[in-house]
Amino acid sequence: CGSQDREYQVSQEFNVLNHFGPLSGLIGVFIYDDQSKQVAHVYKPQGITGNPPTGVHVFQSTLQPTLSNAVFFQETYQITPTLGVTVAARYTEERKTLNTVNISYTDYTNGTPNTIGQIAYGAPINLVSAPNLNPYIADLTTPSHALTPKVVVNWQATPEALLYASASEGTTSGGYSGTARFTQGANF
């Protein structure tokens with residue numbers, strides 16, 4: 001029994017700053033790549049009869065990559081030395097994938113070994129007859145995109161007091177449950 005998790009993640013952001021009199025801000029690009037892999041094998045005893053007793057093995061191999069790219073800008077215009085307006089926006093495209101093999105099988109029934117065989121991706125396991133095998137294999141992908149704006153008005157009322165009003169919109173793209181057993185409900 002055991003599991004192995006591996007994750008590889010790279011992100012990079014590039015910005016260009018600008019300043020033209022009362023106008024200042026930045027524009028930029030963001031790139032994100034996450035590769036997450038989990039391989040697990042678990043044995044669950046199901047009874048005390050037989051030698052060895054009846055037991056269920058669970059084998060899982062899951063790859064969950066996420067690729068995300070965004071472009072954004074934020075510009076502030078100083079109307080007066082103490083009053084400014086900021087306008088910003090970000091456009092994001094993201095792609096999340098769930099590629100999994102999740103299998104449970106009984107290797108002994110009351111001390112009698114079941115048939116030896118192989119299952120998806122060549123992982124050797126002890127197979128039982130087809131009605132007792134419970135595989136879940138999925139290759140799902142969800143693309144998403146969003147434009148998220150922001151507006152801020154700020155007023156430096158005194159050297160110690162800044163008053164501001166801000167309105168912004170956010171988003172989340174969701175994802176997949178790596179331990180899902182059914183396609184319906186695998187995403188959130």
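The values are calculated or read from the model by the stated rules, or taken from the named source; none is laboratory data. It should be emphasised that the depicted structure is a prediction, and the values quoted were computed from it without experimental measurement. Ideal geometry is used to build each Cβ from the backbone, glycine not excepted, and the neighbour counts take in all protein chains shown. Quick note on the areas: whole protein, heavy atoms, side chains included, nothing else; ligands and nucleic acids left out. Shrake-Rupley method; radii C 1.70, N 1.55, O 1.52, S 1.80 Å.
Brief remarks on what is shown
- Among the residues of the stretch 158-177, those that are at pLDDT 90 or above and either open to solvent by less than 40 Å² (accessible area, probe 1.4 Å) or not in a strand (DSSP E or B) (or both) comprise P159, E160, A161, E169, G170.
- The stretch 68-91 residues that are aromatic (F, W, Y) and surrounded by 13 or more Cβ atoms within 10 Å (Cβ to Cβ), paired with ones that are in a strand (DSSP E or B) and modelled with pLDDT of 95 or more (beta carbon under 6 Å, 6 or more apart): F72/G28; F72/R90; F73/I27; Y77/L23; Y77/V85; Y91/V71; Y91/L147
- Some residue of the stretch 38-46 being at pLDDT 95 or above, surrounded by 11 or more Cβ atoms within 10 Å (Cβ to Cβ) and among the polar types (S, T, N, Q): no
- Looking only at the stretch 1-18, and only at residues there that are touching a Phe, Trp or Tyr at 6+ places or on another chain (Cβ under 7 Å) and surrounded by 10 or more Cβ atoms within 10 Å (Cβ to Cβ), the one that is nearest to V42 (Cα to Cα): S11
- Residue satisfying all of: in the stretch 117-139; open to solvent by 40 Å² or more (accessible area, probe 1.4 Å) and modelled with pLDDT of 50 or more; farthest from the chain's Cα centre (by Cα) among these: L133
- Residue match in the stretch 91-113 (condition: hydrophobic (A, V, I, L, M, F, W, C) and at pLDDT 95 or above): no
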